[in-house]
Amino acid sequence: MARRRPSSLLVAWLAVVIPLLTLGVFAWRGIEAQADVIRREKQAEVDYEVKRSAKELSRRLQESVIEFKTFPDPPRPGSASAEDAILDGEDREALAALRDRPDAGLSPSGLPRRVLAALRLVDLDASSPESLSIEASKPLLRLVMDECPSVLTSVVIDKLLPASEPELTTWEERMEVAEMARRHPQGGLVPGDDYLWLETAGDRIRYVRTEAIARALGDLRGGNYQAWLTKEPDQNGGSSDAMFSSSAKVEMGDVENGRGFWLHMGFLVIPDLVIDGALRNQKKWAASLLGVAALVSFGGLFMLHRTLRRERQLNEMKSQFVASVSHELRAPVASIRLMADALEAGKVAPETAKEFHRLIAREGARLSTLVGNVLDHARIEQGRKVWKMESCDLTSLVADTVRVMEPIAQEKGITLKQELSPVEATADDDAIQQALVNLLDNAIKFSPQGSLVVIALEANEERGRWCLTVRDEGPGIPKDEQSRIFERFYRLGDELRRETQGTGIGLSLVKSIVEAHRGSVTVESEPGRGSTFTLTFPLSA
Ligand code: ADP
């Protein structure tokens with residue numbers, strides 16, 4: 001039995017540890033599997049998002065392509081007609097007249113002479129009253145830009161309109177692009193900051209500004225992309241693929257013939273990082289849960305372990321109790337029998353016979369206390385004890401009990417001193433007597449020869465309580481044992497107590513009796529300085 005217990009405890013430990021470990025492993029694997037699914041879902045989401053963004057980018061790039069028409073060089077001086085001579089000259093009056101002639105016709109370069117005259121006038125004299133007002137110039141300017149933009153010179157422009165006019169900005173830009181197109185007749189990606197790509201086809205030029213690409217990219221949702229341009233489809237522009245969870249490229253222009261470019265874009269947010277964050281959180285939660293479960297289980301196991309240990313101790317104490325009760329019963333019964341036999345045979349001297357009678361009475365009293373204790377203990381244990389609460393004169397009860405114990409005390413030369421005040425209360429007088437007998441029995445049993453035991457009884461009407469105190473000059477009880485002495489079968493293990501007779505149920509019975517009266521029992525003691533047991537009861541239990 002004793003050998004099976006630790007193994008059953010081991011089984012209990014294993015029964016907790018193994019499921020917990022299994023639970024932990026499953027939880028971990030579950031989290032990983034879940035993370036895998038989330039990762040795949042996230043990746044699909046990102047791929048979709050990248051494809052969608054690439055499409056959007058492509059659309060925007062196409063939208064940002066600017067296309068315009070180029071024109072022949074501006075008309076040159078020296079043409080034959082008189083009107084063209086006016087245009088070449090500086091005769092303001094003639095120029096004004098020509099400007100105001102709707103039928104002036106076209107110059108040899110195909111430009112309207114009326115327009116050219118007006119522009120020439122503005123060009124000749126900035127402060128000329130003939131200069132066109134801004135309002136008047138707008139339709140003319142538009143006409144010029146659409147039909148013959150190359151005739152505009154910067155001087156003319158400055159005079160005609162403020163530099164911020166969008167038409168003019170566009171026009172200036174086109175002039176620059178046309179110039180670039182002249183320098184790069186092949187088109188394609190061209191060096192420079194502003195105009196990245198251009199394509200010439202006949203008198204038309206198409207181009208895309210860097211700024212337009214940046215804007216198109218900037219508009220992509222979330223700003224999670226990195227983008228770079230290459231001439232080759234597989235160049236990575238210095239970015240490591242590992243940085244991107246997904247990437248796409250957008251084709252622009254004639255990439256096959258090296259006249260276009262690829263715009264690569266990579267999605268910067270790596271799903272793994274997102275997942276890892278979520279995973280870490282989940283793992284943290286799972287770990288805390290498992291931790292709490294482990295703590296609770298181990299706590300439970302610890303309690304179980306303690307209970308088992310207590311149970312074992314109790315069993316041991318019970319066995320000891322049975323042994324001591326048998327001994328306690330056998331010894332007095334044997335001596336009573338011997339003395340009774342001797343008395344019956346009539347061979348005992350009168351003095352000795354008197355002593356035998358006294359001893360028989362004493363052993364009988366001890367036996368009756370012992371049997372009473374054992375029986376009451378059993379009754380209380382089984383909940384069969386019936387308490388007879390009735391009003392009783394405690395002063396007489398205590399005095400009578402002390403008188404009964406007197407002979408035992410005298411044997412050890414112990415003085416029983418009474419300090420009794422009159423107290424009447426509702427109580428079970430037999431039980432109170434039994435409690436006092438147990439306390440006195442201990443006090444006499446453990447005190448040295450010739451010492452003093454004081455029994456005090458007093459009532460406190462105001463607080464509705466009465467107290468019974470037994471104070472001795474015995475060996476005392478260590479602090480850490482004081483709470484345990486009221487446990488069933490508990491006996492202190494030191495030499496003196498082991499040599500003293502006892503069963504370990506006396507004080508536990510005292511406690512049960514006091515509690516049945518809704519009272520309390522306390523002990524004040526210090527090793528070597530005696531002990532004081534105080535029972536406190538309500539006046540009306
Ligand atoms: P027992 O039959 O051993 O007296 P009790 O329940 O009455 O059992 O007491 C429990 C233990 O408490 C005793 O074994 C003893 O060690 C200790 N004890 C009780 N009363 C006293 C006392 N007056 N002085 C010293 N120790 C005491």
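The values are calculated or read from the model by the stated rules, or taken from the named source; none is laboratory data. Just so it is clear, the model here is predicted, and its values are computed rather than measured. Quick reminder, even Gly has a Cβ in these numbers, built from the backbone with ideal geometry, and neighbours come from all protein chains shown.
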Under 8 Å between Cβ atoms, which residue pairs at least 6 apart in sequence (or on different chains) link something in the range 515-535 that is on the phi > 0 side of the Ramachandran plot with a partner that is away from the ligand (no atom under 11 Å from the Cβ) and part of a strand (DSSP E or B)? ARG518/PHE537; ARG518/PRO538
Residue satisfying all of: in the range 322-337; touching a helix residue (DSSP H, G or I) at 6+ places or on another chain (Cβ under 9 Å) and hydrophobic (A, V, I, L, M, F, W, C); farthest from ILE360 (Cα to Cα) among these: VAL325
Any chance the range 373-382 includes a residue that's in contact with a Pro (Cβ under 9 Å, 6 or more places away or on another chain) and of a type outside the set (D, E, K, R)? no
Quick check on the range 456-464. Is at least one of its residues among the small types (Gly, Ala, Ser), at pLDDT 90 or above and surrounded by fewer than 13 Cβ atoms within 10 Å (Cβ to Cβ)? yes
Give me the residue from the range 509-523 that is more than 11 Å from the ligand (Cβ to nearest atom) and not hydroxyl-bearing (Ser, Thr, Tyr) and, out of that set, nearest to THR469 (Cα to Cα). VAL521
Single unsatisfied condition, THR503 versus (1) within 8 Å of the ligand (Cβ to nearest atom); (2) hydroxyl-bearing (Ser, Thr, Tyr); (3) modelled with pLDDT of 95 or more: (3)
Assess whether LEU338 counts as being among the hydrophobic types (A, V, I, L, M, F, W, C) and within 26 Å of VAL402 (Cβ to Cβ). no
Might you let me know whether the range 466-484 holds any residue that is more than 17 Å from ASN373 (Cα to Cα), crowded, with 21+ Cβ neighbours inside 10 Å and more than 12 Å from the ligand (Cβ to nearest atom)? yes
Residue within the range 194-209 that is in contact with a helix residue (DSSP H, G or I) (Cβ under 9 Å, 6 or more places away or on another chain), at pLDDT below 70 and not aromatic (Phe, Trp, Tyr) present: no
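Just give me the residues in the range 508-535 being touching a strand residue (DSSP E or B) at 6+ places or on another chain (Cβ under 8 Å) and part of a helix (DSSP H, G or I), in sequence order.
VAL510, LYS511, VAL514
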Inside the range 219-260, can you point out the residues that are in contact with a helix residue (DSSP H, G or I) (Cβ under 7 Å, 6 or more places away or on another chain) and either among the β-branched types (Val, Ile, Thr) or at pLDDT 75 or above (or both)? SER246, SER247, ALA248, VAL250, MET252
Unique residue being within 12 Å of the ligand (Cβ to nearest atom) and either touching a helix residue (DSSP H, G or I) at 6+ places or on another chain (Cβ under 7 Å) or in a helix (DSSP H, G or I) (or both) when the list is ALA425, ALA443, ALA409, ALA431: ALA443
Starting from the range 481-503, take each residue that is of a type in the set (Val, Ile, Thr) and list its partners that are modelled with pLDDT of 80 or more and crowded, with 17+ Cβ neighbours inside 10 Å, counting only C-beta distances under 6 angstrom and pairs at least six apart or across chains. ILE485/LEU507; THR500/LYS445
